[in-house]
1. Below 8 Å between Cα atoms, with a sequence gap of 6+, how large is the relative contact order for the chain in percent?
2. Filter the chymotrypsin sites (Phe, Trp or Tyr not before Pro) in the stretch 39-79 to those in DSSP coil with at most 14 other Cβ atoms within 10 Å of their Cβ, and list the result.
3. From largest accessible area down, sort Asp104, Asp73, Asp90; use a 1.4 Å probe on the protein chains.
4. Separation of the stretch 94-112 and the stretch 1-65 by C-alpha centroid, Å?
5. Where nothing but the Cβ of Lys and Arg (+1) and of Asp and Glu (-1) is charged, how large is the charge dipole of the chain around its Cα centre, in debye to the nearest 20?
6. Under the definition of Cα pairs under 8 Å and six or more residues apart, what whole-number percent is the relative contact order of the stretch 1-59?
7. Can you spot the lysines whose alpha carbon is less than 25 Å from Lys65's alpha carbon? Ignore those fewer than 8 places along the same chain.
8. Tally Lys and Arg at +1 and Asp and Glu at -1 over the other residues with C-beta under 14 Å from the C-beta of Gln1: what net charge comes out?
Amino acid sequence: QVQLVESGGGLVRTGGSLRLSCAASERTFSANAMGWFRQAPGKEREFVAAIRWSGSSAYYADSVKGRFTISRDIAKNTVYLQMNSLKPEDTAVYYCAADFGSIDPSGHGIDYWGQGTQVTVSS
């Protein structure tokens, strides 16, 4: 069973930066798309960003456009989320997602999920 292993979460002040990483446990794992979702306390899970493994296209939630950048390292089978200009409202558990098709921003039908990593932005 393939696992997605996230890292890079933590505590940062408003305006700071963090980089999240998500690596598949098996080098032979080949998803067509990977992405990130987040869930804040008392709120529903929401889409953050996604990228096709070919790297040809990436898409973002409006709330993070211009601040977050998703990228991937094919050789390492890893996807990254660079988060800049962080705000307190970015505080959430961030989940990595992988799919053999595409990443549906609703989160429905995702093939694999990571265990989540906490990001806390202090004001």
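The values are calculated or read from the model by the stated rules, or taken from the named source; none is laboratory data. Quick caveat: nothing in here was measured; it's all calculated off a predicted structure. Heads up, the Cβs are rebuilt from the backbone with ideal geometry, glycines too, and the neighbour counts pull from every protein chain shown. The accessibility values were calculated without ligands, DNA or RNA, using every heavy atom of the protein model including side chains. Shrake-Rupley method; radii C 1.70, N 1.55, O 1.52, S 1.80 Å.
1. The normalised contact order for the chain reaches 36 percent.
2. In loop regions of the stretch 39-79 (DSSP not H, G, I, E or B), there are no sparsely surrounded chymotrypsin sites (Phe, Trp or Tyr not before Pro).
3. The ranking, largest first, comes out as Asp104, Asp73, Asp90.
4. Value for the Cα centre distance between the two parts: 10 Å.
5. My answer is approximately 360 debye.
6. Contact order relative to length: 24 percent.
7. Output for Lys65: Lys43, Lys87.
8. -2
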